[in-house]
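As structure tokens, the structure follows; a few thoughts come after it.
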Amino acid sequence: MSETLHIVGGGMAGSEAAWQAAEAGIDVVIHEMRPKVETFAHRTGMLAEMVCSNSFRSDDSEQNAVGLLHWEMRAANGLIMATADAHRLPAGGALAVDRDPFAEAVTARLTAHPRISVSHEEIDSLPDQGRWIIATGPLTSAGLGQAIRAETGAEALAFFDAIAPIVYAESIDMSKAWMQSRYDKGETEEERTAYLNCPMDKDQYEAFIDALLAADKTEFHEGETAGYFDGCLPIEVMAERGRETLRHGPMKPVGLTNPHQPDIKAHAVVQLRRDNKLGTLFNIVGFQTKMKYGAQTEVLRMIPGLEQARFARLGGIHRNTFLNSPTLLDAQMRLKSRPNIRFAGQITGVEGYVESAAMGLLAGRLAAAEIQGRDLVAPPGTTATGALITHITGGAEAKTFQPMNVNFGLFPPVEGLKGGRRGRKDRYKAYTDRAKAEWQLWLDAANG
């Protein structure tokens with residue numbers, strides 16, 4: 001095969017796209033500007049570096065759309081999922097990974113592949129020739145971003161993405177905190193004790209909210225607007241929506257019993273999840289923040305058990321750009337005005353590691369088939385991958401388009417099943433059973 005596929009960006013989407021295309025017999029060049037050109041959020045030049053949470057979220061393929069997406073990617077020989085499984089950490093029913101070994105392993109697999117090479121230079125224009133996938137994610141460089149805006153004739157939509165702080169485990173006071181997954185979820189003792197919990201009574205919670213609202217926050221530059229994605233809201237933005245919002249969100253106290261005070265129900269609970277295999281680092285779950293660094297340490301040390309906390313990384317906030325994909329992309333993820341260029345990952349308007357990798361998987365397969373002269377249609381909307389691609393290439397309303405996690409609301413209904421909460425378990429099982437069967441049929445045809 002003489003034609004080479006060029007992929008711009010070595011994150012989740014770019015890495016998975018490269019793997020899928022190379023496994024299909026296509027020569028691939030990954031253009032990753034790091035470490036030569038740095039970004040706000042990345043620390044290394046490794047491929048598939050995780051910059052926010054270390055969680056791929058639920059791994060339940062029967063009752064959760066994210067877990068179903070895991071299943072589909074595993075069935076398709078997905079590199080990201082195989083590597084995540086190899087570097088898994090206890091996280092209840094979720095799939096969390098040891099982030100540095102994960103990225104190192106993805107980098108090693110890709111660089112060792114005989115059909116893949118990596119070039120560390122910045123691509124700052126849209127190529128006129130060749131086959132390209134742009135998977136630059138939320139931190140697309142200024143030059144390339146400007147080229148995309150110039151080509152599309154419209155401003156890329158923008159919102160702000162916030163990063164949660166990471167705490168050194170040895171600095172947490174375990175006389176106040178305890179280990180337990182919500183509702184003791186998990187098949188092993190390690191899974192059932194995967195989260196570290198810090199309880200608050202009502203007075204502590206109210207004082208925390210007051211401090212959070214009063215803390216110094218990052219200011220935006222002139223002309224920037226704070227259009228947040230609801231799945232990654234800063235905690236102070238949630239608090240501004242109502243004093244009880246956090247207590248019914250990331251700080252909800254349900255499904256947990258404090259062994260230090262088993263007869264007292266906490267008013268709120270802050271959960272931390274192990275961030276590396278050694279268990280020396282913990283990520284504060286759902287605590288993305290735009291507080292300034294000095295304010296962060298003061299406010300977060302108000303949490304019982306974190307009074308002496310030391311931070312391996314404080315939270316931060318950055319601008320996140322994505323395309324108005326329903327307007328700009330065709331059903332094959334190609335830019336309508338330049339069909340030699342595909343887009344994949346978060347820049348297309350999906351949100352999350354898993355969703356980004358899934359769009360990379362699909363883009364890699366579609367590009368490989370095109371180069372080989374094969375007709376390959378996108379998977380049906382009844383699958384998790386198909387539901388996402390359908391949403392971003394036409395299923396969503398262009399005027400109100402915003403980043404979307406995979407969810408069962410994107411799936412066509414299964415006829416004959418009752419709606420409402422009572423029928424949800426059967427309904428979700430029907431969705432996943434149908435998706436698995438139709439995904440396998442699509443894979444058989446794609447591999448044919």
Exercise. Stretch GLU307-GLN129 to full length: gain in nm at 0.36 nm per residue minus the Cα-Cα span?
Worked result: 58.3 nm
Problem set entry | Extent along principal axes [Cα atoms of segment 293-371; Å; largest to smallest] | 57, 21, 15
Problem set entry | Equivalent-ellipsoid semi-axes of segment 6-45, from the Cα gyration tensor, Å, largest first | 22, 9, 6
Problem set entry | Fraction of antiparallel bridges per DSSP, segment 1-143 only, in percent to nearest 5 | 25 percent
Exercise. When the C-alpha atoms of segment 376-432 are aligned to their principal axes, what extent does each axis show, in angstrom, from largest down?
Worked result: 33, 30, 17
Seminar exercise, completed: Over the Cα atoms of segment 35-134 the radius of gyration and the largest Cα-Cα distance (Dmax), both in Å, equal 15.8, 48
For this session: Could you state, as a whole-number percent, how many of the C-alpha pairs of segment 251-308 are farther apart than 17 Å?
Result: 51 percent
For this session: Divide the volume of the convex hull of the Cα atoms of the chain by its number of residues and quote the answer in cubic angstrom per residue.
Result: 147 Å³
Exercise. In terms of modelled amide H atoms, which long-range or inter-chain residues lie less than 5 Å from the amide H of LYS217?
Worked result: LYS292
Problem set entry | Set of lysines with alpha-carbon distance to LYS436 below 29 Å, sequence-local pairs under 8 removed | LYS185, LYS418, LYS425
For this session: Can you tell me the order of 74-83, 200-209 when each peptide is scored by its average per-residue count of other Cβ atoms within 10 angstrom, highest first?
Result: 74-83, 200-209
Exercise. Per-residue HN-Hα couplings for segment 120-127, Karplus 6.51 cos²θ - 1.76 cosθ + 1.60 at θ = phi - 60°, whole Hz, x for Gly and Pro?
Worked result: 9, 9, 7, 9, 10, 8, 8, x
Problem set entry | In range of the label at ASN77: residues from segment 351-375 whose backbone nitrogen is under 20 Å from the point 7 Å along Cα→Cβ | 357-375
Exercise. Amide H neighbours of VAL167 under 5 Å, counting only residues 5+ apart in sequence or on other chains, H built in-plane at 1.01 Å?
Worked result: PHE282, ASN283, ILE284, ALA312
Exercise. At q = 0.13, 0.20 Å⁻¹, what log₁₀ I(q)/I(0) does a Debye calculation on the Cα points of segment 327-443 give, no solvent, two decimals?
Worked result: -0.53, -1.12
Problem set entry | Per-residue ³J(HN,Hα) for segment 425-430, Karplus 6.51 cos²θ - 1.76 cosθ + 1.60, θ = phi - 60°, Hz, x for Gly and Pro | 4, 5, 5, 5, 5, 5
Exercise. Long-range amide H contacts for VAL8: which residues qualify at under 5 Å (H placed 1.01 Å from N, peptide plane, sequence gap of 5 or more or a different chain)?
Worked result: HIS31, ILE133, ILE134, ALA135
For this session: Lys and Arg at +1, Asp and Glu at -1: add these up for the other residues within a Cβ distance under 14 Å of ARG365 and post the number.
Result: -2
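Quick note: the coordinates plus some simple rules give every number you see, no bench work behind them. Since the model is a prediction, treat every value here as computed from it, not as a measurement. Every residue, glycine among them, receives a Cβ derived from its backbone with ideal geometry; neighbour counts consider all protein chains shown.
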